[in-house]
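The next block holds one structure in the form of structure tokens; read it before the comments.
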Amino acid sequence: MDEWEKVKVGDIGKVITGKTPKTYNSEYYGGNIPFLTPSDDMSVKYVRRTNKYITELGRLSVKNATLPANAICVSCIGSDLGKVVITTQETVTNQQINSIVVDTDKFDIDFVYYSMLELGKVLNFHSKTSTAVPIVNKSSFSQYEIDCPKLNTQKRIGAILSSIDKKIEENNQINNNLPPHLCIARIAATQLRQTSQTDGCLHTDDKVSGRDGNLETQQVFSSLKAT
């Protein structure tokens, strides 16, 4: 059995807090570089589109805030606290998101992603029990810990969970194309972060309500950590 140890988020890789290019400068916006904020869809594993895009000038205006592909982004404010996505290309986020550029010599990106989903639930719980608007700054974020095995075990676990997520995503795509009267609310049982809108159908404007992770992945992750 592999030994698991506590690892601080700040030791997983480089932690970067986002910055917002000056909104009054029109030359900074309307380019092709994704600008990720908590108002974007962070209920998916990979962020493939954002509501806003910035230009190269906009990117250069926020020094040291550019993320590469496969950075893990965590929303760290308010009701969106704890949402997690992975970048698919060079991206900039606003200051409400802390991101990890994973040290892949020591850590597996998929494993860290699923670990951050678990940590995200802790962060989100704090947001619901706080009377003030909860904010997790870079220093506090970096001090949180996850349980971590050796790299080969991380990769094995990450591959298993990614395979499950891929199958669920494929099923969701099929379900999105079903007529509303054929959509069965039982599908929600396989989705951890998804909330059914009615007892009879998951469709909202002919789409399944947003993916919020999946219960099967969480259960498998917990069982793998226990072995």
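Is it true that THR50 is modelled with pLDDT of 95 or more, farther than 30 Å from ARG156 by Cβ, buried (at least 18 other Cβ atoms within 10 Å of the Cβ) and out of contact with any helix residue (DSSP H, G or I) (no Cβ under 7 Å at 6 or more places or on another chain)? So THR50 passes the test. Quick check on the range 47-59. Is at least one of its residues touching a Lys or Arg at 6+ places or on another chain (Cβ under 7 Å) and part of a strand (DSSP E or B)? Among the residues of the range 47-59, not one is touching a Lys or Arg at 6+ places or on another chain (Cβ under 7 Å) and part of a strand (DSSP E or B), which makes the answer no. Taking (1) touching a Gly at 6+ places or on another chain (Cβ under 7 Å); (2) modelled with pLDDT under 95; (3) closer than 24 Å to GLY10 by Cβ in turn, SER142 satisfies each apart from (2). For VAL44, state whether it is at pLDDT 95 or above, β-branched (Val, Ile, Thr) and in contact with a strand residue (DSSP E or B) (Cβ under 7 Å, 6 or more places away or on another chain). So VAL44 does not fit the description; no.
Taking the range 91-114 on its own, how many of its residues are without any contact (Cβ under 8 Å) to a residue 60 or more places away in the chain and either crowded, with 24+ Cβ neighbours inside 10 Å or part of a helix (DSSP H, G or I) (or both)? Number of matching residues: 4. Kindly evaluate SER139 against the criterion of being without any contact (Cβ under 8 Å) to a residue 24 or more places away in the chain, part of a helix (DSSP H, G or I) and under 18 Å from the mean Cα position of the chain (by Cα). No, not satisfied.
Selection of the range 9-38 for residues being polar (S, T, N, Q) and either at pLDDT below 95 or not in a loop (DSSP other than H, G, I, E, B) (or both) yields THR17, SER26, ASN32. Quick check: is even one residue across the range 184-204 closer than 15 Å to LEU81 by Cα, modelled with pLDDT under 70 and surrounded by 13 or more Cβ atoms within 10 Å (Cβ to Cβ)? Yes; the residues of the range 184-204 include at least one that is closer than 15 Å to LEU81 by Cα, modelled with pLDDT under 70 and surrounded by 13 or more Cβ atoms within 10 Å (Cβ to Cβ). Among residues of the range 71-90 that are without any contact (Cβ under 8 Å) to a residue 60 or more places away in the chain and buried (at least 24 other Cβ atoms within 10 Å of the Cβ), those with a beta-carbon under 8 Å from a residue that is part of a loop (DSSP other than H, G, I, E, B) and among the small types (Gly, Ala, Ser) at least six positions away or on a different chain give the pairs SER75/GLY82; LYS83/SER43.
The values are calculated or read from the model by the stated rules, or taken from the named source; none is laboratory data. Everything numeric in this text was worked out from a predicted model, so none of it was measured. Note that we place each Cβ from the backbone using ideal geometry, even for glycine, and neighbour counts take in every protein chain shown.
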